[in-house]
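Asker: There's a structure below that I have some questions on.
None of the figures in this text is laboratory data; all of them are computed from the coordinates on show. Note that the structure is predicted; figures quoted are calculated from it, not measured. In this analysis, Cβ positions are derived from the backbone assuming ideal geometry, glycine residues included, and neighbour counts consider all displayed protein chains.
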Amino acid sequence: MKSETRHPKVLEGLSLRRVRYLPGTRQCRHHHDRTSLTLVFEGSLDEVVGRTREQAGPLSLVYKPAGTEHANQIGPAGAATLQIAFDPEFLPVGEDGPESWGWAHGGQPATRFLALLDGVRRGEGDAAELEALLFDAVAGLSGSDRTTSTRPPRWLGSLVEELEDTYRAPRSVRHLAERASKHPVAVARAHRRHYGCSITDRLRARRVREAAARLGTGESLSSIAHAAGFSDQAHMTRLFKRETGVTPGVFRSFITY
């Protein structure tokens, strides 16, 4: 069902392991005794907690407190993950930190996780610096730039679905706004208020996630750039590093880390 590789301790109080799951693996509802932070590098998976389902792919990061009951379905291409598990005294669940399970798909939490991993692999950064990156990644899962916790209106949800589906050659915001009978500025403002980022940020992040999903294959970087909607390899490399903190080549090396 899975293969597991354990790595030397990154910091006292936590451990690092790489786990690869075979395609189609099902894991019935279960829990772990240690709180964990897990990044998906390759493939995809569905995770269910209670009545909530999350679909995760490359650059998806989950925070899972100890004892969280969850079930998983691994996608048709399998999945590769890197997990940091914490001793209870290292990361106690308190009122100032996240108290419940939660996913982030790309964005700053994943960037900080990758920065931590890059520092560990290169042997750079002292314990205090690596610890700070780790806590920043956890903190990023419990907060955002959103100014409201209300559910986005239906028209905005439909617009976002279309953006996600057509990210390689998206329609203009003006066109989408006309279809929703809204002013483009109102659309941009609503998107930032409900999702915590700009529409440009969303499109860039979606393209980067697509590139990350293809970096585990034998495709050339130029082919991946074209398939993900970038103008060329240099454009992809620049935005990939801006979004994740590492280049596509470095990310590809993490898959076999």
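Asker: At 0.36 nm per residue, minus the direct Cα-Cα distance, what do R242 and R154 gain on full extension? Give it in nm, one decimal, please.
Answerer: 28.6 nm
Asker: Continuing with the same structure: Fully extended, how many nm does the chain gain between F135 and R179 (0.36 nm per residue separation, minus their Cα-Cα distance)?
Answerer: Result: 11.6 nm gained on full extension.
Asker: Suppose R0 equals 45 Å. What FRET efficiency, 1/(1 + (r/R0)^6) with r the Cβ-Cβ distance, do H226 and R6 give to the nearest 0.05?
Answerer: The pair H226/R6 has a calculated efficiency of 0.75.
Asker: Once label points are set 7 Å from the Cα along Cα→Cβ at both R26 and V48, what is their separation, rounded to one decimal in nm?
Answerer: 1.0
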